[in-house]
Amino acid sequence: MSHLAHTVAVRATGVDMFFGTPENRVVALKQADFEARRGELIMLVGPSGCGKTTLLSVIAGTLTPQAGAVEVFGQRLDGLGQEALTSFRRRHLGFVFQSFNLIPTLTVAENVMVPLLIQGRPYGEARDRAVAILDKVGLKGREDGRPNALSGGQQQRVAIARALVHEPPLLICDEPTSALDKDTGAQIMQMVRDLSRSPERCVVVVTHDHRIFRFADRIAEMEDGRISRVVDDPRLLDTSQL
Amino acid sequence: MYRLALNMLFGDLAKLAMLLCGLAFSALLMAQQSSVFFGIMSWTYTPMVNIRAQVWVSDPMVEQVNDAKPLRDTDLGRVRSVDGVAWAAPLHTSFVQARMQDGNFKLITLVGIDADTFAGAPAVLSQGRIEDLRLPDTVIVDEWGAALMGRMGVGPDGQPRNTPLKVGDTFEINDIQARIVGICRVKRAFTGGPFVYTTYDRAKGYTLGARRTLSFMLVEPQKGVPPAELCDRIERDTGLKAWTSDTVIWNWGERSLARNTFWWFWTNTGIPFSFGTAVLLGLFVGIAISGQTFYSFVLENLKYFAAIKAMGAGMGVIARMLLVQAFTAGLVGFGLGAGMAQAIGRVMIEKGMPPFVMYPQILWATFALVLGISLVSALIGIIKVSRVDAASVFRG
């Protein structure tokens, strides 16, 4: 039991999340249980509206559930105030967004520096680390260009560099390949997998893109606001329903 | 984060230009209109600047320097007898018509000064000598008046001369010849008439029919007697009104005739309302343009601010980023606007019209108002960003 507890990175138990008024309630999560382990890349899949993004937001601490417990790397998130949640995200989370969310008026390096500057790191140190990680994602020499001058795949690499530059234990990826073609998507996922492979890190990916399922260690399928099953082999999933 | 905030601001040059235009226009309007306002108001007490004396004595009913109410000549002796008076000299001021060689008339400010002491004489003569005023039928005209009246003069060939009047030229005041023996450099007046100096006794002649010609008395306190204290003594002993002559707007005292003149024009004319409206317009235009532009800047960056929030930036950090952006834009916009106002003012000063006085206080006030506009703009942005849910970044 203690060994199991040590390997768990994210655990959500009995999470309820609903939106709207009591008369007009939309249930997003209903007694949802979820678990992700250290060192693994787990994907959350399911049809639109099944609650994937809501569960991701709860795990990321950007939404507070109405019921249930959420624990990320040993830290209980339910019951934390906004300030504590913000501080938690700053230290423990990296984000890769569907639409990259790179600030077009900043340079590539400056975009990557954002999480470090939020942590209060000096500009010079942040830039050095940004340049180093951009080198790792194959964007050496593009540091001072604007994101808009890059291809979609390159922009997502910048986003990955930004998500990992402060070495967060939990990497949250929301549809990271939806704006990319098949080959670029595969390259990006390979990169996420390679860069995040560490016993002290966990990657949670929300996706509709069954072409990238093969990069997952496990896949959690959601249906009607809860995890319906977790599989180790993507071939066990019926992708026509996703 | 502040450096990134500035890079975000300066990275969108089109939006920045729009923002700066709004702020600069606002600053220009406020600074320029205020400077012209204070310039015009400074013209209202021009006689206090041009006719220099430490204490002015007038009829008790006088409210401002352009509204002289004649005194009796015997009042001069009464004032001279007041303890603390070193000397007192008569002064005549009136508005009279001068007839030019081409037959045109021009309203002038006739100033009659004491021929013995020349108390109240212009400080700077660009042509001629003040002593020549003791010669018959002589006057000294100011430079602006010489140029203006010169255009109304006729040359020896009978054609318009189009050159300024000079020493030796003549014109008429009430059909009495006035021969120019000097050209002086003085400040222009609100009433628009040139200053024409002559002796007090000759001024009586030029103003035919006036029973009393003593408009003011110019008084010098004895050494060690403060002007304000002497004013008290003169009022107590003579029943006349005594004024100090301080004309520096930010330092003038209760007894300043310039101050009373300023406030008389403030309350009895539409000048403050007119210029105040222009300044308010500048403020509202600034708020509208800058607020709207900054708001749209924030709207365009909203998803990025949401992403930054999701990444762990507190609202305090984001608020400070927006404040840095707004205040930087405000600072640059103020610099541009104030610079343009200065440039316009320089041209105005060279042309002499309209009057332009840009006190440092005007710049400080404009700076404060532009920063106020920036603060309002930043607050609009902060309210908008504070309402953005960090979780919205996961909704595409």
**Message:** Straight-line reach from A:Lys30: which lysines fall under 16 Å, measuring Cα to Cα and dropping same-chain residues less than 8 apart?
**Reply:** A:Lys52
**Prompt:** If the cut-off is 19 Å between C-alpha atoms, which aspartates and glutamates fall inside it for B:Lys303, apart from same-chain ones fewer than 8 positions away?
**Reply:** A:Glu110, A:Asp174, A:Glu175, B:Asp12, B:Asp389
**Prompt:** How much FRET efficiency would the formula 1/(1 + (r/R0)^6) give for B:Leu280 and B:Arg185, where r is the Cβ-Cβ distance and R0 is 41 Å, rounded to 0.05?
**Reply:** 0.65
**Item:** Mean-position separation - Cα centroids, the range B:273-296 and the range B:334-377, in angstrom
**Value:** 15 Å
**Complete:** Spelling it out for A:Gln98: with amide H atoms placed in the peptide plane at 1.01 Å from N, the residues 5 or more places away or on another chain with amide H under 5 Å from its amide H are A:Asp174
**Item:** Distance (nanometres) between label positions extended 7 Å along Cα→Cβ at A:Arg197 and B:Ile349
**Value:** 7.4 nm
**Request:** Just the Kirkwood number for the range B:69-167, please: inverse of mean 1/r across all distinct Cα pairs, in Å, one decimal.
**Result:** 15.9 Å
**Item:** At most 12 other Cβ within 10 Å, DSSP loop - chymotrypsin sites (Phe, Trp or Tyr not before Pro), the range B:215-258
**Value:** B:Trp250
**Request:** For n ≥ 4 DSSP H runs only, could you compute -39500 (n - 2.57) per run for chain B, divide by its residues and tell me the 222 nm figure to the nearest 500?
**Result:** -16500 deg cm²/dmol
**Item:** Electrostatic dipole magnitude of the protein assembly as shown [Cβ: Lys, Arg +1; Asp, Glu -1; Cα centre; debye, to 20]
**Value:** 520 debye
**Item:** Sites matching trypsin sites (Lys or Arg not before Pro) across the range B:196-235 that sit in DSSP coil, with at most 13 neighbouring C-beta atoms within 10 Å
**Value:** B:Arg211, B:Lys223
**Prompt:** Which residues make up the longest stretch of chain A clear of trypsin sites (Lys or Arg not before Pro) that lie in a DSSP loop with no more than 14 other Cβ atoms within 10 Å, not counting the sites?
**Reply:** A:26-139
**Message:** Eigenvalues of the Cα gyration tensor times 5, then square-rooted: what semi-axes does that give for the range B:213-317, in whole angstrom, largest first?
**Reply:** 59, 19, 8
**Complete:** Amide H contacts under 5 Å for B:Leu107, restricted to residues at least 5 apart in sequence or on another chain and with H modeled in the peptide plane, are B:Ala98
**Asked** Can you work out the FRET efficiency for the pair B:Gln292 and B:Asp132, with r the C-beta to C-beta distance and R0 = 60 Å, to the nearest 0.05?
**Response** 0.40
**Prompt:** List the lysines whose alpha-carbon lies under 26 Å from that of B:Lys187, not counting same-chain residues fewer than 8 positions away?
**Reply:** B:Lys69, B:Lys106, B:Lys166, B:Lys204, B:Lys241, B:Lys351
**Request:** Just need log10 I(q)/I(0) for the range A:50-164 at q = 0.11, 0.16, 0.19 Å⁻¹, Debye formula, equal scatterers on the alpha-carbon atoms, no solvent, rounded to two decimals.
**Result:** -0.42, -0.79, -0.97
**Message:** Could you work out how much longer the chain between B:Glu300 and B:Trp364 gets when fully extended? Use 0.36 nm per residue separation minus the Cα distance between them, nm to one decimal.
**Reply:** 19.8 nm
**Karplus 3J(HN,Hα) series, Hz, for the range B:169-179 with 6.51 cos²θ - 1.76 cosθ + 1.60 (x for Gly, Pro)** = 6, 9, 8, 10, 10, 6, 6, 10, 5, 10, 9
**Message:** What whole-number distance in Å separates the alpha-carbon centres of the range B:23-56 and the range B:167-225?
**Reply:** 24 Å
**Request:** Read phi for every residue in the range B:62-71 and hand back ³J(HN,Hα) as whole Hz from Karplus 6.51 cos²θ - 1.76 cosθ + 1.60, θ = phi - 60°, with x for Gly and Pro.
**Result:** 5, 10, 8, 5, 7, 10, 6, 10, x, 9
**Prompt:** Quick one: if you stick a label point 7 Å off each Cα along the C-beta vector at B:Thr269 and A:Ser87, how many nm between them?
**Reply:** 6.4 nm
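Every read-out reported here was derived from the displayed coordinates using simple, explicitly stated rules and does not represent laboratory data. These numbers were taken from a predicted model, which means no experiment stands behind them. Virtual Cβ from ideal backbone geometry, glycine too; neighbours counted across all protein chains shown.
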